Amino acid sequence: MAFSDQDIFLNIKNNPNPDLYIKQLYVTNWKKIRSYILKNSGSEEEAKDVFQDAMIILVEKIYSNHITLKASLGTILFGISKNLWLKSLRSQKIQKIEHTLDELSKIPDDWDQNDQETLDIESIFFELKEDCQEILRLSIYQKRNMNEIANIMQFKNEQIARNKKSKCLGYLRKLIGKTSNPLVNEQ
C-alpha cells in the first residue's frame, strides 16, 4: 500500500512506530539519490551513508516541526542528500593532481620545484566553480570521455563539454599562476 506524502508526514510526526512510513520513503527515494551520488564521484558506500544521514535529518525535522510540506517529501529528501553530498565533496581531500596529465603539465616556466611542493592544490581546486570542479573530477580522476561528461553534466553535446573543460583548465592554470606569484595576492 502506497501512502501519500501527507500520510507519511503525519505518521512520522505522530505515530509512535512510524517504521512502515519511513520504509516507504526509503524504497521510493533510494534509487534516485544513489544514482545522483554515483554519477557525482561517489561510491555505493558513500551513497548509503549520505542517504541514511539525510533520512535521519528529515525525520528529525519532521519531529521538531522544522519542516512543512511545501514540496514533496522525495524532493526535500533529495535536496538534503544533495547538500550533504556536496558538503562531503568539499571536505574530502582531493588527491594530489598528477602533473603528468597533459592538461596540467603546462605549468609556468618560472615555477620551481619548491613552489610545487608548497602549493596547496586542494585549496586552489576548491576556488573553481562547482561545475568546473565536477568536469575536472569526471575527466581527470574518473577518466570519463567527453560524451559521458556531456551526458552527466546535461550539455547538448560533447563539444560543449570540451569547451567547458578547456575553460575550466584555463581558469585553474590562472589560479595556480596567481598562487605562485606573491605580488598578485597582495591586491
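Readers should treat all values here as calculations from the given coordinates under stated rules, not as data from a laboratory. Every value quoted in this text rests on a predicted model; they were computed, and no experiment measured them. Cβ atoms come from the backbone with ideal geometry, glycine included; neighbour counts cover every protein chain shown.
Specify whether the C-alpha gyration tensor of the stretch 5-91 places it in the rounded, prolate or oblate class, a ≥ b ≥ c being the square roots of the eigenvalues: rounded for a/c under 1.5, otherwise prolate if a/b is larger than b/c and oblate if not. Working shown, then result.
On the way: a/c = 2.18, a/b = 1.83, b/c = 1.19.
Cα axes put the stretch 5-91 in the prolate bin.
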Query - Virtual spin-label span in nm between residue 13 and residue 175, 7 Å along Cα→Cβ - result: 4.3
Report summary line: Contour minus Cα-Cα span, residue 65 to residue 147, at 0.36 nm per residue, comes to 25.1 nm
